[in-house]
Amino acid sequence: MKKSDDLARASAEHKRLGEEIAAHDRAYYQEDAPVVSDAEYDALRRRYEALEKQFPELADEGSLSRKVGAAPAEKFAKVAHAVPMLSLGNIFSDGEVEDFVARVKRFLGLSGEAEIAFTAEPKIDGLSCSLRYEKGLLVSAATRGDGLIGEDVTANVRTIADIPEKLSGKAPEVVDVRGEVYMSQADFSALNAKQAAADKPLFANPRNAAAGSLRQLDPNVTAQRPLKFFAYAWGELMWGAVQPETRADSQMGMMALFRAFGFSVNSLTKVCVTAEDMIAHFHDIESRRSALGYDIDGVVYKVNDLALQHRLGFRARAPRWAIAHKFSAERATSILRDIEIQVGRTGVLTPVARLDPVTVGGVVVSNATLHNEDEIARKDIRIGDTVIVQRAGDVIPQILGVVPEKRPGGARRYQFPHTCPACGSAALREIDPRTGEPEAARRCTGALVCPAQAVEKLRHFCSRNAFDIEGLGDKQIAFFYEKGLIHTPADIFTLAERDRQSLTKIENFEGFGKVSARNLFAAIEARREIALNRFIFALGIRHVGETNAIRLARSFETFDALRETARHATPDSEARRRINDIDGIGDVVAEAVADFFVEPHNERALDALLKEVRILPMEAVKSGSAVAGKTVVFTGALQKMTRDEAKAMAERLGAKVSSSVSKKTDLVIAGAEAGSKLTKARELGVDVIDEDAWLALAGGAAGQT
Ligand code: IVH
């Protein structure tokens with residue numbers, strides 16, 4: 001009983017945090033205009049990850065811990081990265097450095113005493129960029145984007161003096177040189193002085209200035225901006241027929257190679273062999289921070305040996321072989337003027353603090369999220385209070401709490417609204433049936449009448465991983481909603497026809513025109529067919545992210561089958577069990593799916609929508625690996641790698657690793673002294689291979705590395 005209560009609570013919090021983090025990712029990566037400090041963002045991420053650690057089932061569902069950054073902005077051409085550009089995990093204290101080192105050793109099956117060399121180097125506060133050189137010539141450059149697809153900034157990058165057009169020395173057939181584009185503090189100040197003189201908006205900090213300068217549609221503008229570049233990583237690397245002078249087999253060796261190619265690499269990079277060395281170098285860099293002339297926000301540690309890096313591999317969004325140790329935050333105080341409420345897609349009311357603008361280390365901050373009403377009560381935050389605002393290495397601040405002695409006589413407690421500010425419906429804290437306690441979030445009950453929720457739902461419906469309708473962005477949806485032209489998903493698909501018959505044409509609306517109206521209709525038309533998994537995801541069913549949408553699509557195969565079952569999925573019914581039995585789908589998700597399909601308004605909205613669109617079979621999972629999509633089981637003692645390492649390798653190749661053998665198992669990898677699982681596999685006729693055969697299979701499947 002207790003466990004499922006905790007899970008439900010954690011799941012609600014996880015979901016809320018996920019929405020908040022995604023919004024911050026968009027503000028930071030797409031708009032170059034973050035609204036919270038790095039420290040606050042990191043705190044949200046840490047809490048999010050802690051929940052997933054405690055309840056691994058949460059990590060399944062389209063979890064943000066599997067995503068990097070944000071999708072590229074529409075205005076740029078897109079470039080697919082040959083090797084994904086990953087993010088880094090963060091740590092914040094000296095003690096965690098030891099944990100990191102221990103984790104690396106454990107994964108590799110090494111003893112605590114074994115020595116592993118790590119590099120320690122400044123974490124540059126700019127934006128990462130991948131530069132592709134073919135036969136030594138720069139052919140393209142891309143921002144990180146969502147890690148898989150970035151924005152094409154080739155023309156802009158060609159204007160950066162630090163980035164060679166042609167590599168010096170012997171160049172490989174192909175290499176993606178990766179590093180950070182940044183702006184020095186002096187150049188940033190000069191740029192802002194120029195902006196001020198020309199009555200143009202100022203940049204908040206060097207990072208934003210660098211990002212804003214690189215992500216320009218006009219390369220002539222970039223050329224006027226003094227950008228710099230440090231190389232620190234690489235993506236694809238193929239020497240081809242070229243014989244390298246020295247084949248770099250370490251991180252330091254790669255840095256030397258980059259230098260030989262003609263790049264700047266950071267001179268504070270050092271090899272350390274113990275956690276103590278790493279921590280000492282961290283504090284050394286920290287003490288030099290203010291004299292560097294460019295912003296850094298921490299130190300990055302990387303396993304030096306590339307072969308070990310390869311064995312360690314990646315988790316969902318970050319490598320196991322590297323981590324960022326962040327500097328602690330800078331603080332300031334400001335006055336809380338007001339608290340406003342934002343209403344999200346699921347109706348959650350989120351309080352946002354409006355502050356007197358305050359500069360913390362060069363960044364002006366005027367907003368911060370206050371999470372929920374309990375948080376406001378717990379910190380006893382009142383309007384008029386002087387609040388402590390915290391900022392990490394670069395961007396904006398978070399509210400740590402209040403300065404009680406500065407509380408003015410008139411400070412007033414905030415009355416959290418019990419009605420939705422967008423639609424006036426009652427806003428309730430649902431009682432969790434399992435705990436009998438109210439949830440942390442207060443939700444608007446006007447699901448079908450609330451414009452804020454409706455607009456958020458429509459945005460989700462049109463978003464990139466759902467219907468992906470170009471030209472129907474956040475602004476346009478809010479606009480069409482307000483005009484009464486789009487209230488439900490089906491309305492999107494009847495828009496063109498209604499426009500044809502209407503006297504007030506969209507092309508005459510401000511901001512539109514003949515061409516953009518025509519493009520919009522064409523973009524909508526192009527999305528009348530959609531893969532089943534995307535369709536399910538687009539519906540915005542609670543707890544059904546992309547991963548669960550794929551699970552449902554794979555299991556039911558057709559939308560009708562899913563709908564028919566879900567409609568009858570009352571608690572304890574055969575239908576409910578059918579959903580619940582899907583691997584990875586638990587009670588909470590099954591209940592949410594059932595709730596969605598029995599709701600009469602949803603039924604009507606679906607009927608209307610199904611008249612407009614055609615659902616295609618699920619998208620094929622992209623993969624070239626021999627074990628992709630297969631269920632594998634490891635048993636017995638492995639000699640050449642730890643169980644964790646083997647498991648990670650299998651997952652990297654797209655396999656599902658299970659702990660027990662059943663009819664559904666495709667492959668069993670049996671190490672020494674394998675016991676009952678091996679016997680069972682033989683009984684069931686499941687394929688069994690040994691560790692060497694597995695390595696051959698996995699190595700072959702992994703292909704070029
Ligand atoms: S290594 C696979 N080294 O930090 C690991 N990243 O928080 C690739 N960054 O996306 C990253 N300085 O934009 C690395 N010396 C450094 C860095 C660095 C800054 C950025 C980079 C990365 C982000 C992760």
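The residue of the stretch 218-242 that is nearest to the ligand (Cβ to nearest atom), among those that are in contact with a helix residue (DSSP H, G or I) (Cβ under 8 Å, 6 or more places away or on another chain) and of a type in the set (Val, Ile, Thr), is THR222. Looking only at residues in the stretch 185-204 that are touching a helix residue (DSSP H, G or I) at 6+ places or on another chain (Cβ under 7 Å) and at pLDDT below 90, the one that is nearest to THR143 (Cα to Cα) is PHE203. Evaluation of ILE477 against the conditions (1) touching a residue at least 40 places away in the same chain (Cβ under 8 Å); (2) open to solvent by less than 30 Å² (accessible area, probe 1.4 Å) shows that the sole unmet condition is (1). Screening TYR182 with (1) within 16 Å of the ligand (Cβ to nearest atom); (2) at pLDDT below 95; (3) crowded, with 22+ Cβ neighbours inside 10 Å gives one miss only, at (2).
In the condition set (1) farther than 17 Å from ASP595 by Cβ; (2) not in a helix (DSSP H, G or I), ALA569 is compliant with all but (1).
If you go through the stretch 113-125 one residue at a time, do you hit one that is modelled with pLDDT under 95 and within 16 Å of the ligand (Cβ to nearest atom)? Yes; the residues of the stretch 113-125 include at least one that is modelled with pLDDT under 95 and within 16 Å of the ligand (Cβ to nearest atom). Of the set (1) over 29 Å from the mean Cα position of the chain (by Cα); (2) under 19 Å from SER128 (Cβ atoms), all apply to VAL273 but (2).
Exactly one residue among ARG554, ARG577 is part of a helix (DSSP H, G or I), under 21 Å from ASN465 (Cβ atoms) and open to solvent by 20 Å² or more (accessible area, probe 1.4 Å), and that residue is ARG554. No other residue among ALA452, ALA427, ALA422 is crowded, with 16+ Cβ neighbours inside 10 Å and assigned to a loop (DSSP other than H, G, I, E, B) apart from ALA422.
Quick one: which residue in ARG534, ARG527 is in a helix (DSSP H, G or I), closer than 26 Å to GLU470 by Cα and of a type in the set (D, E, K, R)? Give the steps one after another, and end with the answer.
Working: ARG527 fails: in a helix (DSSP H, G or I).
Step by step, each of ARG534, ARG527 is checked, and only ARG534 is in a helix (DSSP H, G or I), closer than 26 Å to GLU470 by Cα and of a type in the set (D, E, K, R).
Scanning the stretch 636-655 for residues that are open to solvent by 20 Å² or more (accessible area, probe 1.4 Å), touching a residue at least 12 places away in the same chain (Cβ under 8 Å) and part of a helix (DSSP H, G or I) yields a count of 4.
Looking for something open to solvent by less than 20 Å² (accessible area, probe 1.4 Å), touching a helix residue (DSSP H, G or I) at 6+ places or on another chain (Cβ under 6 Å) and either within 28 Å of LYS326 (Cα to Cα) or within 16 Å of the ligand (Cβ to nearest atom) (or both) - is there at least one such residue anywhere in the stretch 96-105? For the stretch 96-105, residues open to solvent by less than 20 Å² (accessible area, probe 1.4 Å), touching a helix residue (DSSP H, G or I) at 6+ places or on another chain (Cβ under 6 Å) and either within 28 Å of LYS326 (Cα to Cα) or within 16 Å of the ligand (Cβ to nearest atom) (or both): present.
Within the stretch 535-543, at least one residue is on the phi > 0 side of the Ramachandran plot and either open to solvent by 40 Å² or more (accessible area, probe 1.4 Å) or at pLDDT 90 or above (or both).
For the stretch 275-287, the criterion of being among the polar types (S, T, N, Q), away from the ligand (no atom under 15 Å from the Cβ) and assigned to a strand (DSSP E or B) is met by none of the residues. I'd like the residue in the stretch 288-313 that is over 28 Å from the mean Cα position of the chain (by Cα) and of a type in the set (A, V, I, L, M) and, out of all such residues, is farthest from the ligand (Cβ to nearest atom). Among those that are over 28 Å from the mean Cα position of the chain (by Cα) and of a type in the set (A, V, I, L, M), it is ALA291.
Inside the stretch 600-619, can you point out the residues that are among the basic types (Lys, Arg) and either assigned to a helix (DSSP H, G or I) or farther than 18 Å from GLU557 by Cβ (or both)?
If the condition is that a residue be among the basic types (Lys, Arg) and either assigned to a helix (DSSP H, G or I) or farther than 18 Å from GLU557 by Cβ (or both), then ARG604, LYS611 are the ones that fit.
Within the stretch 78-95, restricting attention to residues that are within 12 Å of the ligand (Cβ to nearest atom) and part of a strand (DSSP E or B), which residue is most open to solvent (accessible area, probe 1.4 Å)?
Applying the first criterion (within 12 Å of the ligand (Cβ to nearest atom)) to the stretch 78-95 yields 81, 83-91.
Narrowing the set further to residues that are part of a strand (DSSP E or B) leaves 90-91.
Working: ASN90: 55, ILE91: 8 Å².
Residue satisfying both the conditions and the ranking: ASN90.
Scanning the stretch 126-146 for residues that are within 26 Å of the chain's Cα centre (by Cα) and either open to solvent by 10 Å² or more (accessible area, probe 1.4 Å) or more than 9 Å from the ligand (Cβ to nearest atom) (or both) yields LEU127, SER128, SER130, LEU131, ARG132, SER140, ALA141, ALA142, THR143, ARG144, GLY145, ASP146. Do we have ASP277 as open to solvent by 10 Å² or more (accessible area, probe 1.4 Å) and out of contact with any His (no Cβ under 6 Å at 6 or more places or on another chain) here? Answer is yes for this residue.
The values are calculated or read from the model by the stated rules, or taken from the named source; none is laboratory data. From a predicted model like this one, the values you see are computed outputs, not experimental measurements. So basically every Cβ, Gly included, is an ideal-geometry build from the backbone, and we count neighbours across all protein chains shown. The area values use the complete protein model at the heavy-atom level, side chains included, leaving out ligands, DNA and RNA. Shrake-Rupley method; radii C 1.70, N 1.55, O 1.52, S 1.80 Å.
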